[in-house]
Every structure is written in C-alpha cells, then in structure tokens.
Number of protein chains: 2
Amino acid sequence: MSQIYLTEVALRDGSHVVAHQFSSEQVRYVTKQLSEAGVPYIEVTHGDGLGGSSLQYGFSKEHDIALIRAAAEVAGDSKITVLLIPGIGTIHHLKEAYEAGARVVRVATHVTEADVSKQHIETAKALGMEAFGFLMMSHSASPEKVLEQALLMESYGADAVYVTDSAGAMLPSDVQNRIRLLRAHLNIEIGFHAHNNLSLAVANTLVAIQEGATRIDGSICCLGAGAGNTQTEVLVAVLNRMGIETGIDLYQILDLADYVRANILPHPQDITTGSLVMGYAGVYSSFLRHAHIAAEKVGVDARDILVELGKLNVVGGQEDTIIEVAQKIAQQKVGSA
Amino acid sequence: MSQIYLTEVALRDGSHVVAHQFSSEQVRYVTKQLSEAGVPYIEVTHGDGLGGSSLQYGFSKEHDIALIRAAAEVAGDSKITVLLIPGIGTIHHLKEAYEAGARVVRVATHVTEADVSKQHIETAKALGMEAFGFLMMSHSASPEKVLEQALLMESYGADAVYVTDSAGAMLPSDVQNRIRLLRAHLNIEIGFHAHNNLSLAVANTLVAIQEGATRIDGSICCLGAGAGNTQTEVLVAVLNRMGIETGIDLYQILDLADYVRANILPHPQDITTGSLVMGYAGVYSSFLRHAHIAAEKVGVDARDILVELGKLNVVGGQEDTIIEVAQKIAQQKVGSA
C-alpha cells in the first residue's frame, strides 16, 4: 500500500463552523501542533476559499493572507495549502497566498465546470506550487462525467484531482465507482474529500484508499461545513489499526483534538436532522434556510423541497429555484388530494 | 434482499447516557412515536439489562418493570424487547418483564461465555417469547470462536444471534469475517449491534447486511454508551437511499430525533478522544476512569494502559488488572531508557 497523504482542513472547511473568526494565534497554535504531529498538508483559507471574506460568504476576522503567513511561519515540514474557487478567488489572490508562504493550491470547481480551473492551475505550476483539482459535488455527476472533468484538470497540469463529496451524499458504492474509474484512466494521484452527513466519512475514505486514492482529507474534531468532514483523529486511529502509513503521530493528534474541543469547537459536530437531510438529498447546506422559508410560505415539508432540489442537481447560486420547487410540490399535493 | 428488522436501543443502551434516569413519560412518548414510525423492536431496560439498577451499575429513576409496562401500553405492533445479562438479571426478572408486556429478550453474554445463556433462552421460549443471543465484545474473539459460541446459542433455541461490537472496535473487515462465517453455518437469523467509537457504526451495519445479517440495531440521536450506537435516523436514511426495506418512515423518525435532541439528549454524542481510544484499544468505557487513575499514580500514559488492556482481552470485573498493567508499562519504560 502506498503512503497516504492527509490534508488537514479544520483551518479551512472548519472556518464555516466558527463563522470565519479564526485568529492568527489559533491558526499558529494548531498549525504548529499539526506540523509536529507529522501532518503533511495544512489548508488555511476562508471556508469559501481565497477571497471568500465578503458580505455574501461572511467576513473573516482576519485576512486570509495574514492567517496563511501566521501558519507558514510555524509549518516546519508541512505544506500550507489554500483553496481557490475561481470566481470567488483570483490569480491575484493566488499570488498573494504564494508570497505569504502557501506552497499548494486546490483549485475547486463544480464537478461539471473543470474548464474554469485551467488558468489557476497553470499559474500555480508556473509559481512552482503543487496544484490539485477539486471537483465539488462529485456525487451529482456520473462516474464517467467525473472522469471527463478530472482528465481536463490533468491536462492543465494538475498534480492530483480530488473527488469531493461536498454535501456528504455519497454511499460507499458511489465512492468506489468514481475512484475506481479515475484510477484506471488518470496518470496523476487521486484524492478524496468527504463530509459526514450520512455518517460515512471515515468509511468512504477507507473505500477511496482501497480503490487507489492516496490523498485524503480530515478535520480535527470533525470541524467543517454540514455535519463536518472526516474526523482526523478517528481516521488516523483507524488507519493505524489497519497498518496504513500516514506518518502522523496518533497521540499528538489526540492531544490537539482535546485542545480544539476545549478552545475552538463552538458546538460538537454530531449529525443533526438538518445536516442529515442535506446529505440524504445531496444539496449544499446553504439551501437549508431557504428551503425552510419557502416551505413555510407555501405550506409544504421543507424536506420534500430539499429532496426535489437534489434530484434537479441544483448548484450554489440557484436559490431562486427553491420557491418554484415548493410551489410545484404544493400543486402536486392538491392534485393528489 | 430480505426485509431488515431494526431494534431501537435508545431506551436501553441510551440509558447509560442519561445515568438511567428515563421517566415513564419519556419512555411512553418515545415508544409511541417509534411504533407509529414502524420500528418493529423497541428495547426498554436499564443500560446493563434487567436487574441492572444497583449501586454497582447505577440506580434507575424508575423500576425497569414500570418502564417496560409504560412502553408496552403504547407499543402497538412493535415488540417490547429487554436485555438480560445472566448474573445481573435472573429468570425471575425475565418472568416479571414478560408479565409487564415484554415479548422479546436478548440474552447477552461475553463472547466466550455463551453457555451461561442456556437457561434464560429456554425459559424465554417456554414463555412464548422471541429469544435472541447477544455475544458482547465479539471483536475480541476470532470468527471461529464467535461461530462456536453462536452455535451454542442456536442449540439452546435462540431465534437469532447478534454479533455485538460493544467497544465500537470493529473494522469493516472484522464485521465481514464474523457475519460471513456465521451466515455460512447457522440456520437462524443473524444480527449486528454496533458502537460508533471509530465512526464506523453505519458503515459496519451496511457490511453486516451485505453479509446476510437481517437484524440491526440503531439508537435515535446516537444515544448509547461510549460514542453511542448506530444513529437510527441516519441509518434509515441511508437504507432508504439504498432501497433496503425496513418498514420505517424516515420523516417520522427525523421528527422523533428532533424531539429527543431537544428533550432528552444531555450532550451531543460526537466522538471524543476518550471514546475514540476505547474503540481503538477495544475495551469497555468503564475502564477509562480506572486507567486514568492508574496512569496518574504510576506516571504513564493512560492510552498506553488502555491499548495494553485491549491486547489482554480484559473483560468487565477485571479492573484490578489495570494497576498491574500500568506498573508493567512503567518498568518497560525504565528498562528502555
């Protein structure tokens, strides 16, 4: 079995959980502990990536670049990684992040829109960075479509492509189908990023590794959007038990988890019915509030709206669709009554 | 695929989480909702089974028998199930439970001690109850040993035998090996009871079903010892998505989960480093406090003690072993220094 490389995302995906209020002190402390524990990649960015700090996505307490610099100062052998969603983040942001010490970028696009990552991947490679593609909402496209888009990212020079289960909606078989197909056709490494909305994040990560993924994501104390990500300390314990090498010290990660729980975690990341329905329907958590508003207005069950939105493969920005879907469900109920 | 029968254990395993303080009103409300949602089996007993209310295991707020009677009054088509650990519970308790309305008993023994279940299984069958065997700490015995013990329970007249992952220590391959072997050699149904200490409870339950288990356990909001059990509402959602029939209405279970979270759950059941180490080491949560006391006294890491206890396959009641193990670890450290 190949060495498995973990990217710790608590300081990026976990940013959602703390309303983007990480301080330099927190980032410095957590990064130093992660580095000493042997975590090879540490992602530090606003939850929505570089440039995410805004009225629309929520303002950060401190500028991304300040946090990246704080992390880079204490990162030791670990590589500071940033997330960049083209349209939110720009080439300019990427260069700033590089100057602040970031050495890896994950260029994230919707699973059907890999073509918008070309310029960013090429710029990162020209800067000498590692550049990974990150195909969000990969559950919503067929394995063949995911492969087509991954091949595009490979052709732009990506060093790896991640299958990203943004909504925590994948069953083990969904992970298996996608990673297996990519492994058969790509020449670069494959990664997997999970959310725990269906309580399958650790198990799906094991399936991804079994199918040939060598890059996985975890977050300490499960800090991340929705029901959180794959809980790093649990994943490291399980991989230890299985004899799969990560280079990460379990006890040091456990100590850090105790620190994060005591000092950062605003509420335990267990699976609420809200996050469960997100994973069940396969939609972003940003839809939840809108669905509840529409449900109340039209007098239907918000869960029916979310499930229907999942079937329609709605993406971020299509929140206007919600009221239309609610009205359609209400009409069907009248029709069948 | 066969129909899958779920036993809801929040009113038994979840009893640990509320320090055995369930009231008749709570039990009645939750049972009624579970029954209306279509849950076929509802376990209602002290966390340590019939007769568990004691100084050693914690006194119940209300007598088991009163809670069983309250549940039976509103159970509708659902069957009230009790847990009986021979040595804690007796034949007398079993008859009382039957008179109060229990129609199913799970006779639980350590995985290597199935022989103590004979009299209890036979009595239950004579009363006209369904009787299931429940092999606790099944991770600590080889698949062949689990089979040998399951065959004993079958020979006593058990209608099913459960592989019970009491410490939440099993990897998917551990579940697969055990259920597969039992399925090949038993003529009765096979069940699986999980704990979520390694975040694998849902995934392990899917593996058990895939290997032929038809009886599974869940607990609403994950209410259960250690990191809790398989979260019922999540499991039902996942099985729905997979097209596996449970007869349970998802939305009604989600509504009940919201009620339990608001009114019963004392703290969210996420995975702490304490419960994670239990699952990693494969020991009962009752060892945790003793290990920390011994660690402090002798000056070693409590986690090393727990891992060593797991290797020794200690069982409940062997808490005296802990200080010896701690001293041995301390001596080895001196020896290697």
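A few points about this structure:
- Within the range A:80-115, the set of residues being touching a Gly at 6+ places or on another chain (Cβ under 7 Å) and either surrounded by fewer than 24 Cβ atoms within 10 Å (Cβ to Cβ) or not in a strand (DSSP E or B) (or both) comprises A:85, A:88, A:90, A:93, A:114.
- With respect to the conditions (1) free of Cβ contacts under 8 Å to residues at least 12 places away in the same chain; (2) within 28 Å of residue B:247 (Cα to Cα); (3) aliphatic (A, V, I, L, M), residue B:37 falls short on a single one, namely (1).
- Candidate set: the range B:206-240, residues that are among the hydroxyl-bearing types (Ser, Thr, Tyr) and more than 13 Å from the chain's Cα centre (by Cα); chosen: the one nearest to the other protein chains (Cβ to nearest Cβ): B:232
- Residue A:273 meets the conditions (1) more than 8 Å from every other protein chain (Cβ to nearest Cβ); (2) open to solvent by 10 Å² or more (accessible area, probe 1.4 Å); (3) of a type outside the set (Phe, Trp, Tyr) in every case but one. The failed one is (1).
- Qualifying residue in the range A:188-209 (condition: open to solvent by 20 Å² or more (accessible area, probe 1.4 Å) and either small (Gly, Ala, Ser) or free of Cβ contacts under 8 Å to residues at least 24 places away in the same chain (or both)): no
- Qualifying residue in the range B:299-319 (condition: polar (S, T, N, Q) and more than 28 Å from residue B:56 (Cβ to Cβ)): no
- Residue under evaluation residue A:301, criteria (1) farther than 28 Å from residue A:221 by Cα; (2) more than 10 Å from chain B (Cβ to nearest Cβ), criterion not met: (2)
- In the range A:241-269, of all residues being open to solvent by less than 20 Å² (accessible area, probe 1.4 Å) and at the interface with another protein chain (Cβ under 7 Å from one of its Cβ atoms), the one that is farthest from the chain's Cα centre (by Cα) corresponds to A:254.
- Count of the range B:1-23 residues which are surrounded by fewer than 24 Cβ atoms within 10 Å (Cβ to Cβ) and of a type in the set (Phe, Trp, Tyr): 1
- Filter result for residue A:315 (over 23 Å from residue B:255 (Cβ atoms), among the hydrophobic types (A, V, I, L, M, F, W, C) and either part of a loop (DSSP other than H, G, I, E, B) or in contact with a strand residue (DSSP E or B) (Cβ under 8 Å, 6 or more places away or on another chain) (or both)): yes
- Looking only at the range A:277-297, and only at residues there that are farther than 17 Å from residue A:16 by Cβ and in contact with a Leu (Cβ under 8 Å, 6 or more places away or on another chain), the one that is nearest to the other protein chains (Cβ to nearest Cβ): A:280
The values are calculated or read from the model by the stated rules, or taken from the named source; none is laboratory data. Predicted model only: the values in this text are computed from it and were never measured. Glycine also receives a Cβ, built like all others from the backbone with ideal geometry; neighbour counts cover every protein chain displayed. Accessible surface areas use protein heavy atoms only, side chains included; no ligands, DNA or RNA. Shrake-Rupley method; radii C 1.70, N 1.55, O 1.52, S 1.80 Å.
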